[in-house]
Amino acid sequence: MLNLSNLKPIQETLSPEVQQLLNQFNDIILPSPVGWWPPSIAMLTFILLMLTVTLGITFSLFSRHKNNKYRREAKGLFIQALQNATSPKQKIEAANALLKQVAITHYGRQKVASLQGESWLEFLQKTASHIEQPAYLKQYLNSYYQKNFVYDEAELEAVLNYLQSWIKGHHK
């Protein structure tokens with residue numbers, strides 16, 4: 001009910017019919033709050049859009065992870081080959097063989113199998129141009145054909161780091 005107590009002085013001067021009508025007034029009834037269900041068209045569109053984006057990102061990340069499986073395996077084999085090698089010559093030989101396997105896996109046998117020497121180095125540079133190739137890479141990759149090659153520890157480390165970076169970062 002409407003509180004008309006502050007209108008007492010005015011009510012006393014009003015006629016009985018008007019007083020009776022004023023007493024019939026009720027409080028304003030507020031509508032119930034808007035619920036979440038059913039959602040509006042805009043909300044349904046937003047939810048559908050977010051679901052689509054989430055599924056797209058998930059699919060993209062899953063595909064990327066699946067497509068890079070050979071890189072993860074090659075990285076593990078690379079580390080294992082370096083640990084098993086007893087000489088710098090064996091390290092270079094194992095790393096180059098593994099690099100060739102990775103290249104064949106990714107680019108195909110017809111494109112990679114026949115590459116050697118200068119063409120192999122050009123291929124490595126072309127497929128990972130963002131990775132700086134050491135100037136002495138050719139000497140080290142050809143070192144297992146030379147009998148008395150002297151290995152510099154810092155250069156050997158730089159070559160092995162380059163080869164590992166190539167496995168991780170080559171592209172089409």
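Things worth noting here:
- Residues of the range 108-131 that are surrounded by fewer than 16 Cβ atoms within 10 Å (Cβ to Cβ) and of a type in the set (Ser, Thr, Tyr): Ser114, Ser119, Ser129.
- Of the candidates Phe46, Phe25, Phe78, the single residue that is over 16 Å from Gln164 (Cα atoms), in contact (Cβ under 8 Å) with a residue 12 or more places away in the chain and more than 22 Å from the chain's Cα centre (by Cα) is Phe25.
- Residues that are within 24 Å of Lys172 (Cβ to Cβ), modelled with pLDDT under 95 and surrounded by 15 or more Cβ atoms within 10 Å (Cβ to Cβ) are absent from the range 57-68.
- Reported count of residues in the range 69-82, each being among the charged types (D, E, K, R) and exposed (fewer than 15 other Cβ atoms within 10 Å of the Cβ), is 3.
- Selection status of His130, within 15 Å of Asn161 (Cβ to Cβ), in contact with a helix residue (DSSP H, G or I) (Cβ under 9 Å, 6 or more places away or on another chain) and in contact (Cβ under 8 Å) with a residue 12 or more places away in the chain: yes
- Residue within the range 95-105 that is over 24 Å from Arg64 (Cβ atoms) and either surrounded by 17 or more Cβ atoms within 10 Å (Cβ to Cβ) or modelled with pLDDT under 90 (or both) present: yes
The values are calculated or read from the model by the stated rules, or taken from the named source; none is laboratory data. The structure presented is a predicted model; accordingly, all values stated were derived computationally and were not measured. A quick note on method: Cβ atoms are made from the backbone with ideal geometry, for glycine too, and the neighbour counts reach across all protein chains shown.
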